[in-house]
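The values are calculated or read from the model by the stated rules, or taken from the named source; none is laboratory data. None of these values were measured; they are calculated from a predicted model. Don't worry about glycine lacking a Cβ; one is built from the backbone with ideal geometry, like all the others, and counts go over all protein chains shown.
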Amino acid sequence: MITWRQGRVLEVLPGWAGALVLQVAVAAEQDSSETSLRALAYPELVGTPVVGDRVLLNATALHRGLGTGGYALVVAVPDRPKAWPTDRDGQAGHLVKARYTPLQPMVLGVDDPEGEHHAALADADSLDGMPVVATDLHSALPAVLAGIRDEAPEARVAYVMSDGGALPLAWSRTVAGLREAGWLACTITAGQAFGGDLEAVTVHTALLAARHVVGADLAVVVQGPGNLGTETRWGFSGVAAGEALNAAAVLDGRPVAGLRVSQADARPRHQGLSHHSRTAFGRVLAHPADLPIPVAFPPSPTGRALCTDRASAVHRPGERPALDACLERVAEQAAELVAEAPHLRAVPVPTQGLLEALRHTPVRLSTMGRGLEDDPAAFVAAAVAGRHAASLLR
């Protein structure tokens, strides 16, 4: 179940907030020679390794070739106790995350009775109409924010990371870059996810904290990196996007469903409007919500066939035939979804200016290995969700 390795730290490489990248020498599996690999250490969990330290590694995902970013994970620095995190036995709080795993951390929850914010949340029951955007993929987060900032550049935005993907928020270089750029007022980790500015037991209390503790104007709920899918209708972690909007609705927020779209994905189930959005927002979501639909501008005369033509995604400035053709197809698919799911309210949102806004995000845009020029529809669809949510603040 776990592929274990041990090795010696050769070099500490540049990392990002909350994460250290190491080059580690390990014994080769076939003989006594050494090879090296990259490993990731979370100092808050395992301490701070230095060159020469022996480290215990979980290399399971790396060994299997999964999309983990190419890292083994440091489990322990066993020989040097001074490297370990500071003992926090006296720290208030009893919220355990990643429960009953070997690396379960104990944190102070924003909703903990011992915490300073408990009084503000004890009877909190309303978001006071705060817009809440939820979408499927972590890669959509900077695009949603680009749409928000294009419409309302001064808006205070809280990011709620649910636990469908990575549990440590520190895994996300995207969030680290967005925080550094000032695009997020606060991060809140909900459920089994941990490492945010605030910790919450549920998405419900995370949203209430965003409103009543952070004073956010909007919240964006997206799972961490590393979504799971099984090529089945229900077996994908993105179903939680529908549950997040249910939470927003029962708490008197304004639910906004961010569509997952692609013009370049080779898989038919994700071409145009993804089946993930159909299921999460058409079946899981059970309360009224806005469904922002990107509107091609100007209308494309070329038809929908280009929607999956990856080679046509890149085009000369001022021309966007593949993108507009894809958005026209998405509009048709979204109309079919709304007809089947009357709790959804279709909201056409213009896309003018969004490509330019997306080109100026402080972090690299990438979804399933495709960038903005490869799959612009994916990011434009996310950005219109942000643009619409921000328009609700007027």
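Quick notes on this one:
- Counting only residues that are crowded, with 24+ Cβ neighbours inside 10 Å and either touching a residue at least 40 places away in the same chain (Cβ under 8 Å) or assigned to a loop (DSSP other than H, G, I, E, B) (or both), segment 175-195 holds 5 of them.
- On the stretch given as segment 324-342, residues that are in contact with a Lys or Arg (Cβ under 7 Å, 6 or more places away or on another chain) and either under 21 Å from Pro288 (Cβ atoms) or surrounded by fewer than 20 Cβ atoms within 10 Å (Cβ to Cβ) (or both) total 1.
- Filter result for Leu207 (in a loop (DSSP other than H, G, I, E, B) and either under 23 Å from Asp128 (Cβ atoms) or not aliphatic (A, V, I, L, M) (or both)): no
- Within segment 280-305, the set of residues being over 14 Å from Glu336 (Cβ atoms), of a type in the set (Val, Ile, Thr) and either at pLDDT 90 or above or in contact with a Cys (Cβ under 7 Å, 6 or more places away or on another chain) (or both) comprises Val284, Val295.
- The set of residues in segment 281-292 being among the hydrophobic types (A, V, I, L, M, F, W, C) and closer than 18 Å to Val384 by Cα consists of Phe281, Ala289, Leu291.
- Verdict on Gly129 being loosely packed, with under 15 Cβ neighbours inside 10 Å and modelled with pLDDT of 95 or more: yes
- Criterion (surrounded by 13 or more Cβ atoms within 10 Å (Cβ to Cβ), within 30 Å of Pro376 (Cβ to Cβ) and modelled with pLDDT of 95 or more) met by exactly one of Val110, Val144, Val77: Val144
- Residue count for segment 364-391, restricted to those that are of a type outside the set (S, T, N, Q), buried (at least 19 other Cβ atoms within 10 Å of the Cβ) and outside any helix (DSSP H, G or I): 5.
- Some residue of segment 141-160 being in contact with an Asp or Glu (Cβ under 8 Å, 6 or more places away or on another chain), in a loop (DSSP other than H, G, I, E, B) and of a type outside the set (A, V, I, L, M): yes
- If the condition is being among the charged types (D, E, K, R) and buried (at least 20 other Cβ atoms within 10 Å of the Cβ), then segment 257-294 contributes Arg260, Asp265, Arg278, Asp290.
- The listed residue being assigned to a strand (DSSP E or B) and not small (Gly, Ala, Ser), out of Val330, Val349: Val349
- Top-ranked residue in segment 210-227 [being out of contact with any helix residue (DSSP H, G or I) (no Cβ under 9 Å at 6 or more places or on another chain) and part of a helix (DSSP H, G or I); ranked as farthest from Val144 (Cα to Cα)]: Arg211
- For beta carbons closer than 6 Å, sequence separation of 6+ or different chains, a first residue in segment 338-365 that is among the charged types (D, E, K, R) and a second that is assigned to a strand (DSSP E or B), the qualifying pairs are Arg345/Asp290.
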